[in-house]
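Structure, as structure tokens:
The values are calculated or read from the model by the stated rules, or taken from the named source; none is laboratory data. On a predicted model such as this, the values are computed, not experimentally measured, just so you know. Every residue, glycine among them, receives a Cβ derived from its backbone with ideal geometry; neighbour counts consider all protein chains shown. In case anyone asks, the SASA skips ligands and DNA or RNA and just uses the protein heavy atoms, side chains included. Shrake-Rupley method; radii C 1.70, N 1.55, O 1.52, S 1.80 Å.
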Amino acid sequence: MLSSNVGHFVSTAERGAEPYVALRLLAGLLSVLAVLVALVGGLIVIFVVLSSLGSAGAAARFAPGAVTAGIAGAGLLGGLLVTFGTVFYALVLWGAAQAIHVLLSIEGHARESAAIQRAMLAELTRITASTTAPVQR
């Protein structure tokens, strides 16, 4: 029934042109940035914790007792806070990238649905025109 209107529907993938290239680029950039934030944040956490443990060891030579535990504890707390901040920021960046992908997917499906509806309307118009045409004798 709809075989005559197959040519009316051409998806964007078949046309070779992807819409919203800048948004796709931005989503990719946000994804890469999220991974970089996670990696650099992890390295910073390791550096903070190890340097606090090193400082605690150096302080132990001069002031034994609770001072070294305070320095090490502050470094561990700092590392924990940097970890939470890094994870939160990386998740926000990753979520923004995924939100862009979802919105582009919704738009693509809406565009395809509209094209299919136009093809169906054209076919119905053609069928209606052929059945209501006066018969010539």
Selection from segment 82-122 of residues closer than 27 Å to ILE46 by Cα and not aliphatic (A, V, I, L, M) yields THR83, PHE84, GLY85, THR86, PHE88, TYR89, TRP94, GLY95
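Residue-wise test of (1) in a helix (DSSP H, G or I); (2) modelled with pLDDT of 85 or more; (3) farther than 30 Å from ARG24 by Cβ.
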position: VAL45; (1), (2), (3): yes, yes, yes
position: GLY57; (1), (2), (3): yes, no, yes
position: ALA60; (1), (2), (3): yes, no, yes
position: VAL82; (1), (2), (3): yes, yes, yes
position: PHE88; (1), (2), (3): yes, yes, no
position: GLY95; (1), (2), (3): yes, yes, no
position: GLN98; (1), (2), (3): yes, yes, no
position: GLU107; (1), (2), (3): yes, yes, no
position: ARG111; (1), (2), (3): yes, yes, no
Any chance VAL10 is open to solvent by less than 70 Å² (accessible area, probe 1.4 Å), at negative phi and modelled with pLDDT of 90 or more: no
Give the number of residues within segment 16-46 that are open to solvent by 70 Å² or more (accessible area, probe 1.4 Å) and more than 30 Å from GLY108 (Cα to Cα). 5
